[in-house]
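Step one of this worksheet: look at the structure below.
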Amino acid sequence: MKYIITESKFENLVIEYLDELFDVEDINWTYAQEWDEDTDQHQEDENAIVFYIGDYNGDDDGCFRWYECEYFNEGSIPREICPIVNVEHPHDLKLNGYFGDKWHEPFKKWFTKNFNLPVKTIE
């Protein structure tokens with residue numbers, strides 16, 4: 001059986017699912033920690049943000065990560081496709097399982113609306 005759904009209805013469906021999957025009220029963020037070889041210490045990188053649900057237990061605890069263009073080296077491919085959001089496992093698997101890669105554009109709108117950060121690419 002074949003179903004036809006309009007693009008706007010599909011976008012609304014994906015956004016409703018994102019609202020269920022990610023309780024924005026419980027999502028927090030912190031700058032990513034980078035190792036500074038000069039000081040031999042971890043330092044915050046304001047060009048990379050780790051978003052996480054609930055309490056933060058370290059870099060492996062994120063639901064998605066946002067990377068500003070300045071995070072990447074000049075002339076690199078990521079620099080051409082940034083800002084980038086990397087959706088962490090298992091959230092990406094759930095979204096891909098339901099929607100294939102068609103959730104990317106609605107996610108960009110949802111993310112920008114909720115976190116006031118631009119997104120060009122989803123990984």
* Would you check if there is a residue in segment 35-49 being at pLDDT 95 or above, surrounded by fewer than 17 Cβ atoms within 10 Å (Cβ to Cβ) and of a type in the set (A, V, I, L, M, F, W, C)? => no
* To do: Mind checking which helices (runs of 4 or more DSSP H) fall wholly inside segment 14-123 and carry at least 3 residues that are within 13 Å of the chain's Cα centre (by Cα)?
  => 91-99, 104-115
* Structure fact -> Going through segment 97-111 in order, the residues found to be without any contact (Cβ under 8 Å) to a residue 24 or more places away in the chain and surrounded by 14 or more Cβ atoms within 10 Å (Cβ to Cβ) are HIS104, LYS108
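Within segment 66-81, can one find any residue that is closer than 14 Å to LEU21 by Cβ, without any contact (Cβ under 8 Å) to a residue 24 or more places away in the chain and surrounded by 15 or more Cβ atoms within 10 Å (Cβ to Cβ)?
Checking segment 66-81: not a single residue is closer than 14 Å to LEU21 by Cβ, without any contact (Cβ under 8 Å) to a residue 24 or more places away in the chain and surrounded by 15 or more Cβ atoms within 10 Å (Cβ to Cβ).
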* Asked: Can you tell me which residues in segment 64-95 are touching an Asp or Glu at 6+ places or on another chain (Cβ under 9 Å) and closer than 12 Å to THR30 by Cα?
  -> PHE64, ARG65
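The values are calculated or read from the model by the stated rules, or taken from the named source; none is laboratory data. A quick note: this is a predicted structure, and the numbers were derived from the prediction, not measured. All Cβ positions, even for glycine, are placed from backbone atoms using ideal geometry, and neighbour counts span all protein chains on display.
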